[in-house]
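Written out below as structure tokens is the structure these notes cover.
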Amino acid sequence: MNFLQHPAFQSIVLPLLLAVAGIALLRWVGARWASLGAALGLATALAVWPGWDWPPGSRAQLIPWIALAGLVVAALLLGLKAPGSQTLAGRPGLLATALVAALAVALAAWTGLGGSLLLAQLALMVGSVAGAAFLWAWRSALVTLASLAPLVLVCLAIAYAQAAQAPATSDAGGGAADSNDPYYTPKWK
């Protein structure tokens with residue numbers, strides 16, 4: 001395994017580098033647009049790994065498409081100067097980006113402990129780009145809620161994918177399989 005295929009590089013370093021590059025690129029367009037660089041970095045990192053699969057065969061393969069759709073909607077909101085595209089200066093912007101980063105890291109822990117390392121890596125990608133957005137908000141004190149919305153949307157998609165794959169528990173206890181489980185075939189005697 002080379003360095004570029006290592007899970008830590010794919011889920012932390014690559015998204016962080018792409019988010020910083022996106023912020024630097026969009027900074028030339030305007031300070032309000034620069035905070036959208038984190039969502040651009042996430043969509044680009046998701047294009048590199050795990051990639052765009054159409055039609056998506058699982059909920060995890062749908063996540064890059066959700067990130068792209070969220071990026072497009074956020075760009076439209078910023079372009080149209082819609083509600084939510086005003087800048088949050090100072091402490092509210094820092095708090096909003098810190099909450100998104102904390103949400104993503106907690107989601108990574110939940111999905112990792114829940115048994116899906118793929119979803120944990122995807123959540124770490126969101127946490128990494130949210131960290132870049134936090135650094136931008138700290139440095140420039142400008143962030144918009146519309147630019148954080150794609151990150152929160154991807155976190156919600158990851159949480160839904162994790163909750164949907166969680167095994168059904170039975171009220172009977174003792175490890176008995178749920179009677180509504182389509183893969184459970186009782187052994188009648």
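I want to verify a result. In a Gaussian network model of the chain, Cα cutoff 10 Å, which of these has the top mean-square fluctuation: G79, G127, G51?
With Cα springs under 10 Å in the chain, the top fluctuation among G79, G127, G51 is at G79.
Along the charge dipole of the chain, pointing to its positive end and built from +1/-1 on Cβ of Lys, Arg, Asp and Glu, which listed residue (V105, V126, L17) has its Cα farthest out?
L17
What residue among L80, L107, L151 has the largest mean-square fluctuation in a Gaussian network model of the chain, using Cα springs under 10 Å?
Largest GNM mean-square fluctuation: L80.
Charges at C-beta only: +1 for Lys and Arg, -1 for Asp and Glu. How large is the resulting dipole of the chain about its Cα centre, in Debye rounded to 20? Present the calculation step by step, with values, prior to reporting the outcome.
On the way: 8 positive and 4 negative charges, 93 e Å.
So the magnitude is around 440 debye.
For G93, what is the net charge nearby, where nearby means another residue's Cβ is under 14 Å from its Cβ and Lys, Arg count +1, Asp, Glu -1?
+3
Could you tally the net charge around S147, taking each other residue with its Cβ under 13 Å from the Cβ of S147, Lys/Arg +1 and Asp/Glu -1?
Values: positive: R27, R32; negative: none.
Neighbour charge sum, excluding S147 itself: +2.
Grab the eigenvalues of the alpha-carbon gyration tensor for the chain, scale each by 5, take roots, and send me the semi-axes largest first in whole angstrom. Write down the numbers at each step before the final one.
On the way: eigenvalues 253, 59, 46 Å².
Largest first, the chain gives 36, 17, 15 Å.
Which of G41, G30, G131 moves the most in a Gaussian network model of the chain with Cα springs under 10 Å?
Its mean-square fluctuation being the largest, the pick is G30.
Around A74, what is the net charge, scoring Lys/Arg as +1 and Asp/Glu as -1 over all other residues with Cβ under 14 Å from its Cβ?
On the way: positive: R32, K81; negative: none.
Charge balance near A74 sits at +2.
What ranking do F9, F134 get, fewest neighbouring Cβ atoms within 10 angstrom at the top? Intermediate values should be presented prior to the final figure.
Working: F9 15, F134 22.
Least to most surrounded, the residues fall as F9, F134.
Bear in mind that the values in this text are calculations on the coordinates, not laboratory data. Treat the numbers as computed from the prediction; the structure is a model and nothing was measured. Reconstructed Cβ throughout: ideal geometry from the backbone, glycine too, with neighbour counts over all protein chains shown.
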